[in-house]
């Protein structure tokens, strides 16, 4: 299905697949068309005919021939619910990729520490898969191991999983507790994405460890 321009900046694309990741999260894959993007950017999407749209960070890599988004099912969600019901061949409306939560070229030689809660891992998946030689550490905070989002996608020695509700992760406790009990790399660049409370608490911990504000990059999901 070729892309077709609709109202305003909205463009219609065809759904390729809807993939279950866990009982709360699914991946929505659809045509990329002629669009390009910078890893870390997001898409504003919704179903045709519905004015309600929401922004989701792009999960796929720049080399992929499709767009893929990771979406958390929200009870009574006016956007996530209809998106989850889509089938291959159905249409989706999106606006062009946007956002500045990206990794500048001059930072790619540094140690990058990605810190994510829940589906906040999405832009980091895109950045990591688009830059296979990147020197990174990914810290992912979830409630239980069942809430992890495709941990097999990352080098095991570069992924740290923090589970707050059970002991199945590499670290039992919240991200903030992990950071206060482990050394902080003062020369790294820190990228934070996910829950707003987590981001503010992590920023405070980093500041207490003399991490300069310009070394901290944030994207608040909710």
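Read the figures in this text as sums done on the coordinates, not as results from a lab. Given the structure is predicted, the values throughout are model-derived calculations rather than measurements. Every residue, glycine among them, receives a Cβ derived from its backbone with ideal geometry; neighbour counts consider all protein chains shown.
Report, in deg cm²/dmol and to the nearest 500, the calculated mean residue ellipticity at 222 nm for the chain, where each DSSP H run with n ≥ 4 adds -39500 (n - 2.57) and the sum is divided by the residue count. Mind dumping the intermediate values first?
Details: 4 runs with 33 residues, N = 222.
The per-residue figure over the chain is -4000 deg cm²/dmol.
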As an exercise, use a Förster radius of 41 Å and the Cβ-Cβ distance of residue 17 and residue 135 to find the FRET efficiency, rounded to the nearest 0.05.
0.80
When all C-alpha to C-alpha distances in the chain are sorted into bins of 10 Å, what percent of pairs does each bin hold, rounded to whole numbers?
8, 34, 35, 18, 5, 0
Along Cα→Cβ, 7 Å out, is where each label goes; now give me the distance between the ones at residue 209 and residue 100 in nm to one decimal.
2.6
Remind me, relative contact order of region 4-94 in percent, using alpha carbon pairs under 8 angstrom and six or more residues apart?
37
Mean separation of Cα contacts under 8 Å, 6 or more apart, over the residue count of region 131-222: relative contact order %
22
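Counting DSSP beta bridges in the chain, what percent are antiparallel, to the nearest 5?
Numbers: 26 of 49 bridges.
Percentage antiparallel, nearest 5: 55.
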Rank-order 186-196, 143-153 by packing density, defined as the average count of other C-beta atoms within 10 Å over each peptide's residues, highest first.
186-196, 143-153
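Over the chain, what relative contact order in percent results from Cα pairs under 8 Å that are six or more residues apart?
On the way: 471 pairs, mean separation 38.6, N = 222.
Reported relative contact order: 17 percent.
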Most fluctuating of 105, 50, 185 in the GNM of the chain (C-alpha, under 10 Å) is 105
Within region 124-143, whose backbone N sits under 12 Å from a point 7 Å along Cα→Cβ of residue 150?
124-130
Can you give the log10 of the normalised intensity I(q)/I(0) at q = 0.10, 0.15 Å⁻¹, computed with Debye over equal Cα scatterers of region 105-220?
-0.26, -0.60
